[in-house]
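First the structure, in the form of structure tokens, and then the observations on it.
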Amino acid sequence: MSSQYEAGVCNIGGSERRRRRRYAAVAFVAALAYLVVVLASSLPTLLLVGLFVPLAIGFEMALQARRAFCASLALSGEYAFDDERGQVADSDARRTDRAAGLKLTVLGIAGGAVTTAVVYGVVSLL
């Protein structure tokens, strides 16, 4: 993976990627804990829609770590590598970054929604 800024492709380095992996792990563990609490305490199945938030966050953070691209940095026109932080000056590069960041966010939301729907459907059938 590149260790320097490329518009729409790479805007974070190794330490930022590791941080996002940790965020993803925490979000997925939180989703699992929430699922266990809802199932173990006989709460209404409808509460499983609450899985969406941690799952969407987990998916987006995992995608950002894998692709070495941060959506929020893209929206703010910045990049962050282990030894360098800076602003993206070129307007075309900023536009490319925003589009790539939006794509990652949409993919994270879609992953959270689909997984929530599958879990809800499976639990509802049981």
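The values are calculated or read from the model by the stated rules, or taken from the named source; none is laboratory data. Remember, it's a predicted structure, so these values are computed and weren't measured experimentally. When we count neighbours, we look across all protein chains shown, and the Cβ atoms used for this are built from the backbone with ideal geometry, even at glycine. When the accessible area is computed, the model is the full protein with side chains, heavy atoms only, and any ligands, DNA or RNA have been set aside. Shrake-Rupley method; radii C 1.70, N 1.55, O 1.52, S 1.80 Å.
R0 = 30 Å: FRET efficiency of LEU32 with LYS103, Cβ-based, nearest 0.05?
Working from the Cβ atoms, E equals 0.65.
Treating each Cα of the chain as an identical point scatterer and ignoring solvent, apply the Debye formula and state log10 I(q)/I(0) at q = 0.12, 0.17, 0.18 Å⁻¹.
Evaluating at q = 0.12, 0.17, 0.18 Å⁻¹ gives log10 I(q)/I(0) of -0.51, -0.80, -0.86.
Rounded to the nearest 10 degrees, what's the angle between the helix 52-67 long axis and the longest principal axis of the chain, both from Cα atoms, 0 to 90?
Once rounded, the angle reads 30 degrees.
Using r as the Cβ-Cβ distance of ALA110 and VAL53, and R0 as 22 Å, what FRET efficiency do you calculate, to the nearest 0.05?
Working: r = 14 Å, r/R0 = 0.64.
That gives a FRET efficiency of 0.95.
Sorting TYR23, TYR5 by accessible area (1.4 Å probe), largest first, what list results?
TYR23, TYR5
Assuming 0.36 nm per residue, please report the length gained on full extension of the stretch GLN4 to ASP82 beyond their Cα-Cα distance.
27.1 nm
Working with all protein chains in place, sort ILE109, ILE12 by solvent-accessible area computed with a 1.4 Å probe, largest first. It would help to have the intermediate numbers written out before the result.
Working: ILE109 80, ILE12 0 Å².
Descending accessible area places them as ILE109, ILE12.
Pop out the carbon and sulfur fraction of the accessible area of the chain as a percent, whole number, probe 1.4 Å.
After summing per-atom areas, the C and S share lands at 65 percent.
Enter the accessible area per residue of region 1-101 (Å², integer; probe 1.4 Å; all protein chains in place).
Accessible area per residue, region 1-101: 56 Å².
Give me the angle, in degrees from 0 to 90, between the Cα long axis of helix 91-125 and the longest principal axis of the Cα atoms of the chain, rounded to the nearest 10.
Once rounded, the angle reads 10 degrees.
Once every DSSP H run of n ≥ 4 in the chain is given -39500 (n - 2.57) and the sum is divided by its residues, what mean residue ellipticity at 222 nm do you get, rounded to the nearest 500 deg cm²/dmol?
-23000 deg cm²/dmol
Averaging sequence separations of C-alpha pairs under 8 Å and six or more residues apart, then dividing by the length of region 19-121, give the relative contact order as a whole percent. It would help to have the intermediate numbers written out before the result.
Numbers: 119 pairs, mean separation 35.7, N = 103.
Relative contact order, region 19-121: 35 percent.
Taking the chain as a Gaussian network, where each spring joins two C-alpha atoms under 10 Å apart, which residue of ALA31, ALA65, ALA99 fluctuates the most?
Highest fluctuation of the listed residues: ALA99.
For ARG95 and SER15, what does the FRET efficiency come to when R0 = 35 Å and r is the distance between their Cβ atoms, rounded to the nearest 0.05?
0.85
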